[in-house]
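Novice: Provided herewith is a single structure, encoded as structure tokens, for subsequent inquiry.
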Amino acid sequence: MTETFGGGMLRRNRALAELLRLARRVIADGVVTSHEATAFQYWLETNPDMAGVWPVDTLTRRLSEIFGSGELGPEDRVELLHLLEDVTGEGPGARPEEWGKLDRPKG
């Protein structure tokens with residue numbers, strides 16, 4: 001039982017590290033392209049075992065909203081950039097003090 005639990009924790013830690021590396025690459029130039037957003041969404045879809053884990057759940061929900069509305073617009077790209085900056089704690093738009101608020105629906 002400990003091996004399964006430990007293995008699951010190891011898998012999650014590695015997946016979160018991979019997610020953060022991807023997010024850092026996406027925000028590195030300060031612009032989120034449609035291709036980058038699609039690649040990010042693909043990672044989220046191909047890692048369903050990470051559902052319910054922060055920040056995966058927050059990113060999945062927001063990307064579903066963005067892509068569910070059709071085309072990825074300029075405002076969506078800027079919002080996604082800021083969300084990724086918040087999640088990674090990097091970039092000029094990073095607001096680490098907001099981390100606890102990321103899961104709250106917009107009011």
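The values are calculated or read from the model by the stated rules, or taken from the named source; none is laboratory data. All figures in this text were calculated on a predicted structure; none of them were measured in a lab. Glycine also receives a Cβ, built like all others from the backbone with ideal geometry; neighbour counts cover every protein chain displayed.
Novice: So, in the range 66-106, of the ones that are modelled with pLDDT under 75 and in a helix (DSSP H, G or I), which residue ends up farthest from the chain's Cα centre (by Cα)?
Specialist: Taking the range 66-106 and keeping what is modelled with pLDDT under 75, we get 91-106.
Narrowing the set further to residues that are in a helix (DSSP H, G or I) leaves 96-101.
Values: Pro96: 15, Glu97: 17, Glu98: 15, Trp99: 13, Gly100: 15, Lys101: 15 Å.
My answer is Glu97.
Novice: Something else now. Would you confirm whether or not the range 61-73 contains a residue that is touching a Pro at 6+ places or on another chain (Cβ under 8 Å) and either within 15 Å of Val87 (Cβ to Cβ) or in contact (Cβ under 8 Å) with a residue 40 or more places away in the chain (or both)? Spell out the reasoning first.
Specialist: Here is the first cut: in the range 61-73, the residues touching a Pro at 6+ places or on another chain (Cβ under 8 Å) are none.
For the range 61-73, residues touching a Pro at 6+ places or on another chain (Cβ under 8 Å) and either within 15 Å of Val87 (Cβ to Cβ) or in contact (Cβ under 8 Å) with a residue 40 or more places away in the chain (or both): absent.
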